[in-house]
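Written below as structure tokens is the structure these notes are about.
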Amino acid sequence: MARHGLSGIDVFLSVAEHGSLRAASRALGVQPPAVSQQLKALEEELGTMLFARTTRALHLTDAGRALLQRAGPAFTELQAAMADARNLAGRHRGVLRITMPWVAYRLIVATGLAEFQAAWPDIELELSMNEAFVDIVAEGFHAGIRMGDRIHPDMIALRLTAPLEEVCFAAPSYIARRGKPMRLADLTAHNCIRYRFQGSGQLQPWRFDSRQGAIEVAVGGNLIVNSFTAVVEAARDGVGIGKFFRDDVAGDMEQGTLKPVLAGQTYRYPGFHLFYPRHNARLPLLRAFIDFLKERAD
């Protein structure tokens, strides 16, 4: 149907209901010539007359009656659907889909999840844990959480955390068995638990900050995983040396289940950001989630 089709249907239904062009124009709040033009355009598009016109009245033709029978209920349903959409646009009710890596959920969202859902009980929050890069528009997500250096420039980004420091660690049992590396070069002689990115399939490089900038150490080992949770668990079990965010292993460090390795050698990432496309910027559900995260970050 041409672009004027739906407005033409609205005019047709109003004329059929009120019995004249003038009465329909008053109901629609437009001038009679506009009603006449819309009706004529619809009839030309359909290739048939919808009303038989006399000097005193309009009468539906067979085609007009057929259109009224089918279009009337359908247009009423369409108007109801549009009203529902308008109502939902101003209310905090519906589904909000967010994608994030597991560590972001654990560090940022999990600790306040019960509080958010208590504050917004009508928001159905769907969280997808995925450490691979996700096209949030193509996959139907309203927003995502990722490292600040991994966000497309077309997206709006909101910082959620300070820069995150990545550290090396190992279980006391591994250290007792293999000893501690004293310099970065010593890592090449140790069993390092490596992580493979789910999206690109590449191994995560072991980088460290230095006065000259970031340096990279080519480490090896007999275990590669695609989950940072598995990195920590394998290190906790004494498999080898792991490398991950200090905040995520702080509890293990305090309890002694993991020990720092090369304590002065770390690498800083830019921190987690919430990101979303510009057309979602005014979505009430997302605004509620953003405001909640900002309050917790302050």
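Readers should treat all values here as calculations from the given coordinates under stated rules, not as data from a laboratory. Given the structure is predicted, the values throughout are model-derived calculations rather than measurements. All Cβ positions, glycine included, derive from the backbone under ideal geometry; neighbour counts span all protein chains shown.
By the count of other C-beta atoms within 10 Å, a proxy for reagent exposure, GLU254, GLU124, GLU131 are ordered fewest to most as GLU254, GLU124, GLU131. Summarising the amide proton neighbourhood of GLU126: residues at separation of 5 or more, or on other chains, whose placed amide H is nearer than 5 Å comprise LEU96, ARG97, ILE98. Relative to the longest principal axis of the Cα atoms of the chain, the long axis of helix 5-18 lies at roughly 40 degrees.
The helix-only estimate of mean residue ellipticity at 222 nm for the chain, built from DSSP H runs of length n ≥ 4 each weighted as -39500 (n - 2.57), is -12000 deg cm²/dmol after division by the residue total.
Relative to the longest principal axis of the Cα atoms of the chain, the long axis of helix 246-255 lies at roughly 50 degrees.
Taking the longest Cα principal axis of the chain as reference, the axis of helix 62-89 is set at about 40 degrees. Treating each Cα of the chain as one equal point scatterer and applying the Debye formula with no solvent, the log10 of I(q)/I(0) at q = 0.10, 0.11, 0.14, 0.15 Å⁻¹ comes out as -0.70, -0.78, -1.03, -1.11.
Count Lys and Arg as plus one, Asp and Glu as minus one, and take only other residues whose Cβ is under 9 Å from that of LEU96; the net charge is then -1. Over the Cα atoms of the stretch 115-255, each weighted equally, I'd like the Debye log10 I(q)/I(0) at q = 0.20 Å⁻¹, rounded to two decimals. Listed by q, the Debye log ratios stand at -1.33. Take the Cα of GLN31, step 7 Å toward its Cβ, do the same at GLU139, and the gap between the two points is 5.4 nm.
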